[in-house]
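The values are calculated or read from the model by the stated rules, or taken from the named source; none is laboratory data. Quantities reported herein were computed from a predicted structural model and do not represent experimental measurements. Here Cβ is always computed from backbone atoms with ideal geometry, including for glycine, and neighbour counts include all displayed protein chains. Remember, those area values only see protein heavy atoms, side chains included, never the ligands or the DNA or RNA. Shrake-Rupley method; radii C 1.70, N 1.55, O 1.52, S 1.80 Å.
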Amino acid sequence: MELVRLMKKTFIIAITVLLLASCAKDAVENTLQKETVSFSCSVEQVEDLTSRTALENRSVIWNVGDEISVLTSTSNDRFTVKSVDESNKSKAVFSGMLTKGQSRYYAFYPFSLTTRVEEDHLLFELPKVQTYAKNTFAPEMFPMVAQFSYAGDPLTFKNILGVLKLNLTGDGTHVSRIVLQDRYGEALCGNASLMINDKMCTEDQTLVISNASNTLVMDCTSEDVTLSSTATPFYFVVPAGSLGRGLDVYVYSGDNLVSYLTTDNDNMVFRSKSISMPSRVGGAPQAEYDLSYGGKVTANSYIAPIASKYRFKATKGNSNQSVTASSVGIIWATENTTEAPSSLDAIVKDVAMDNGYITFATTGKYGNALLAAYSGPGCTGDILWSWHIWCPERYIESHLYPVESEVIMMDRNMGALGYRKEDGALAAGLLYQWGRKDPFHGAATIEAPSQKTTAPKQAVAVYATGVSYAAVDNAVAQNGTMDYAIKHPTTFIICAKEFNDNDWLIGHDASLWIKNKTMYDPCPAGYRIPDEAYNWAWYASGAQFDAEHRGYMFYGTEWTVESGYVYRAAGTWCGGYDAMYELWACSETAINAFYQGLHADKNSITGSKSTGKKANAYGVRCCVDRPYK
């Protein structure tokens, strides 16, 4: 009998638990109950800053079948346009199943399962690839948001981004894609976070983009886009505040880069406004490119991305100090391989002086070259200054890493010709002694684990007559000076162990590389040597080691390969099974300088945030040069 009572008691408890669970389930279902809802909406129009009219002859309009997300912190409901006001297509009626029980909803266009609301932020993706659409921006590329309560009030969608209208002319050139870049690394795409407050969708809105890039690609393959004497407009949807310090445009026909357009004009984009650039010829390279933009932006390194003619102001890099030379020539050229180029002018040719400018042409081959200005005629006398010309594969992107670190870095090391793991040693780049502006050659091969006894090889260059790589000891005082380094850009300045605190420069100089870009910073215009805080963000992110390709993947997208180094005490190239990947920072300790290092050891990696000897030659990965925060 006692057993029966116990069984009954257990049964009653079980039934009670089931009933309670059922009630809880009903409560949840009631809370999340869905209801078919229709509501009307309108769209904020884009103001054209040029003509003060609507965008071309095409307003921001709805089409039957357009979809939006209706969001809360716990739901993402799909709604579809069922009808459009034919007299005003900016007005439409949406219908869908709405999750009930919320006091506030956010309607977002375009619909995406990944769009969501977290606390006081709306999270969505700004895609890198936009699709060409004739006389407008591409469908589903122009994000809009509206707020509403369940009362069913009419919605007014507000625009989050702005529009850049690029006008291109040509002579029958078929366009396959166009690449747009913000020259100073401002984010154009990535994971967006819009703060939800009373400033949302105003000029003061807070839009933060992480895991971002300064590059957009417009895919034109879905239509036959052929340039003619009548300008063809291309509409890029871009975040407000971008393109304020200039932009670069790359025009492709098939897989061939046919035109490179650049401007340092203020093309600042504003929310819900369209800015139109003057018509530019996009079907052929310009006759000549001024890489220094009339002398306003100078550097020690210039990127020449297309076979064409170029010029830059003959100044000491990153300054307005003119270099008055009697002649100019090529010092060396390399294709970053184990074989020297076929000739000294295989990459850069026709170097000359022209009224305070240095002019040259590129052949279209990938590689690096060093140009020098001489005090005497015919490339004789002292070298007064030298400049690195970088001809890489593909355009160079800048990527914004986690927002809290504010790191905006190049997608490759200085002098690297490739940027993917499949590129092998072409992704290694050049090497620099700390504080010097001129590079030395890096790795030309990488080493697989099965080749432990085979050391990677250093890249080979062809040198001008009378010029060669050399190494001198700074124990001879005249060698350990900046004046000597400038006059001898191909000479490695040795510092014997423990002498002069392992610095190539006698007496030290902490101001050679600093946060404010200096005359000796080797990075191209718009970039600088990263400081300690920037560099540490790379290791803080973690790095995945790829044993087969002997390199490291950061943030899941950024690749770099073991680059080796030049040893301070001998001036000899060092590579091998445990070869290092090390990048200089501009921060230093008066004696040593910081670097970010990752060392391979039997297919694993160890990271170091250390100080290195300034006489060693390590790699450089530049960050965007903008006001330091």
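So here's what we get for this one:
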read-out	value
Long-range neighbours under 6 Å by Cβ, at least six apart or interchain, first residue basic (Lys, Arg) within segment 65-88, second surrounded by 14 or more Cβ atoms within 10 Å (Cβ to Cβ) and not in a strand (DSSP E or B)	Arg78/Phe111
Residue in segment 387-403 that is modelled with pLDDT of 95 or more, under 27 Å from Thr491 (Cα atoms) and open to solvent by 30 Å² or more (accessible area, probe 1.4 Å) present	no
Qualifying residues in segment 563-582 (those that are modelled with pLDDT under 80 and assigned to a loop (DSSP other than H, G, I, E, B)) - the one farthest from Asn616 (Cα to Cα)	Tyr577
Condition broken by Lys134, with the remaining ones in (1) over 16 Å from Met200 (Cβ atoms); (2) surrounded by 14 or more Cβ atoms within 10 Å (Cβ to Cβ); (3) touching a strand residue (DSSP E or B) at 6+ places or on another chain (Cβ under 9 Å) satisfied	(2)
Segment 129-142, residues that are assigned to a loop (DSSP other than H, G, I, E, B) and at pLDDT below 95	Lys134, Asn135, Phe137, Ala138, Pro139, Glu140, Met141, Phe142
Residue within segment 56-68 that is farther than 19 Å from Asp153 by Cβ, part of a strand (DSSP E or B), open to solvent by less than 30 Å² (accessible area, probe 1.4 Å) and at pLDDT below 85 present	no
Subset of segment 320-347 [assigned to a loop (DSSP other than H, G, I, E, B), among the small types (Gly, Ala, Ser) and under 16 Å from Ile358 (Cα atoms)]	Ala325, Ser326
Selected residue (criterion: modelled with the lowest pLDDT) from residues of segment 450-462 that are assigned to a loop (DSSP other than H, G, I, E, B) and not basic (Lys, Arg)	Thr453
Among residues of segment 356-385, those that are part of a strand (DSSP E or B) and either open to solvent by less than 50 Å² (accessible area, probe 1.4 Å) or without any contact (Cβ under 8 Å) to a residue 40 or more places away in the chain (or both), counted	17
Only one of Ala585, Ala615 that is modelled with pLDDT of 65 or more, over 23 Å from Thr337 (Cα atoms), open to solvent by less than 10 Å² (accessible area, probe 1.4 Å) and not in a strand (DSSP E or B)	Ala615
Of all residues in segment 523-549 being modelled with pLDDT of 75 or more and of a type in the set (A, V, I, L, M), the one that is surrounded by the fewest Cβ atoms within 10 Å (Cβ to Cβ)	Ala547
Residue within segment 463-472 that is within 23 Å of Met414 (Cβ to Cβ), at pLDDT 90 or above, crowded, with 23+ Cβ neighbours inside 10 Å and out of contact with any Lys or Arg (no Cβ under 7 Å at 6 or more places or on another chain) present	no
Any hit, segment 394-411, residues being of a type in the set (Phe, Trp, Tyr), under 30 Å from Ala585 (Cα atoms) and more than 25 Å from the chain's Cα centre (by Cα)	no
